[in-house]
Amino acid sequence: MQTKIIVIIGGPGTGKTTIIDGLVAKGHCCYPEISREVTLEAKKQGIEQLFLEKPLLFSELLLEGRKKQFQNASNESCEVVFIDRGIPDVLAYMHYIGDSYPATFDAACREHLYSKIFILPPWEEIYISDEARYENFEQAKLINKHLIETYRNYGYELIEVPKDTMDNRILFILEEISK
């Protein structure tokens, strides 16, 4: 049995972590977003905003972490693994800031293929900014556009999750997977 690796994507503040937490609470195998982990580690080393100060280094660390998540998910014994953000997210953010990246980033996207991609649309009513989320809502919408373009460039069909309660959004995702 090959594990289905399902990715939940969307701009900042669209409810990804809430949905992942809800899936975990329902007993599903899930991997969290790792960017906050990378950011906290950089802060311990004296870099306040790694993504802003050293975007390529930040992106390289994220890429390695997401490749590791993919490998770990591939080896899970469960039928489905949900991941908060995928490898192409790294490229989408680099496109967003207008920075270039090595060819290894593109190769990673082509070598690590996901089963399905669910995208959460920008939703101003639930958008909250915090110490790790410095983007405003307009920037979040622009990031969403880059995510859509990047994933489509790698041949993914994106399934948009409707704006609804967490439980209904999770139900929608689970029903789509079972089709």
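Report, by residue number, each residue of the stretch 121-144 that is open to solvent by 40 Å² or more (accessible area, probe 1.4 Å) and modelled with pLDDT of 75 or more.
Those that are open to solvent by 40 Å² or more (accessible area, probe 1.4 Å) and modelled with pLDDT of 75 or more: W123, E124, E125, I126, I128, N136, E138, Q139, K141, L142.
Given (1) modelled with pLDDT of 90 or more; (2) open to solvent by 20 Å² or more (accessible area, probe 1.4 Å), where does E48 come up short, assuming only one miss?
All conditions pass for E48, except number (1).
Just to verify a result, which residue in the stretch 51-62, among those that are over 15 Å from E135 (Cβ atoms) and free of Cβ contacts under 8 Å to residues at least 40 places away in the same chain, is least open to solvent (accessible area, probe 1.4 Å)?
Of all residues in the stretch 51-62, those over 15 Å from E135 (Cβ atoms) come to 53-54, 56-57, 59-62.
This time we only want the ones that are free of Cβ contacts under 8 Å to residues at least 40 places away in the same chain, so: 53-54, 57, 60-62.
Details: E53: 106, K54: 99, L57: 69, E60: 72, L61: 83, L62: 12 Å².
Only one residue tops the list, namely L62.
Kindly provide the set of residues from the stretch 67-96 that are open to solvent by less than 10 Å² (accessible area, probe 1.4 Å) and either more than 20 Å from Y154 (Cβ to Cβ) or within 13 Å of the chain's Cα centre (by Cα) (or both), ordered by number. Talk me through it step by step, then tell me what you get.
Our first condition is that a residue be open to solvent by less than 10 Å² (accessible area, probe 1.4 Å); within the stretch 67-96, this holds for 73, 81-84, 86-92, 94.
Across the stretch 67-96, the qualifying residues are F82, I83, D84, G86, I87, P88, D89, V90, L91, A92.
Condition first: free of Cβ contacts under 8 Å to residues at least 24 places away in the same chain and out of contact with any helix residue (DSSP H, G or I) (no Cβ under 6 Å at 6 or more places or on another chain). Now tell me which residues in the stretch 105-124 satisfy that. Break it down stepwise before answering.
Residues of the stretch 105-124 that are free of Cβ contacts under 8 Å to residues at least 24 places away in the same chain, as a first pass: 106-107, 111, 113, 124.
Of everything in the stretch 105-124, those that are free of Cβ contacts under 8 Å to residues at least 24 places away in the same chain and out of contact with any helix residue (DSSP H, G or I) (no Cβ under 6 Å at 6 or more places or on another chain) turn out to be D106, A107, E111, L113.
If I ask for residues that are within 23 Å of Q139 (Cβ to Cβ) and assigned to a strand (DSSP E or B), which ones from the stretch 1-30 would you list?
As a first pass, look at the stretch 1-30 and keep what is within 23 Å of Q139 (Cβ to Cβ): 7-20.
V7, I8, I9, G10, listed by residue number.
The values are calculated or read from the model by the stated rules, or taken from the named source; none is laboratory data. This is a predicted model, so every value here is computed, not measured. Please note: Cβ atoms are built from the backbone with ideal geometry, for glycine as well, and neighbour counts cover all protein chains shown. With ligands, DNA and RNA removed, areas are computed over all heavy atoms of the protein, side chains included. Shrake-Rupley method; radii C 1.70, N 1.55, O 1.52, S 1.80 Å.
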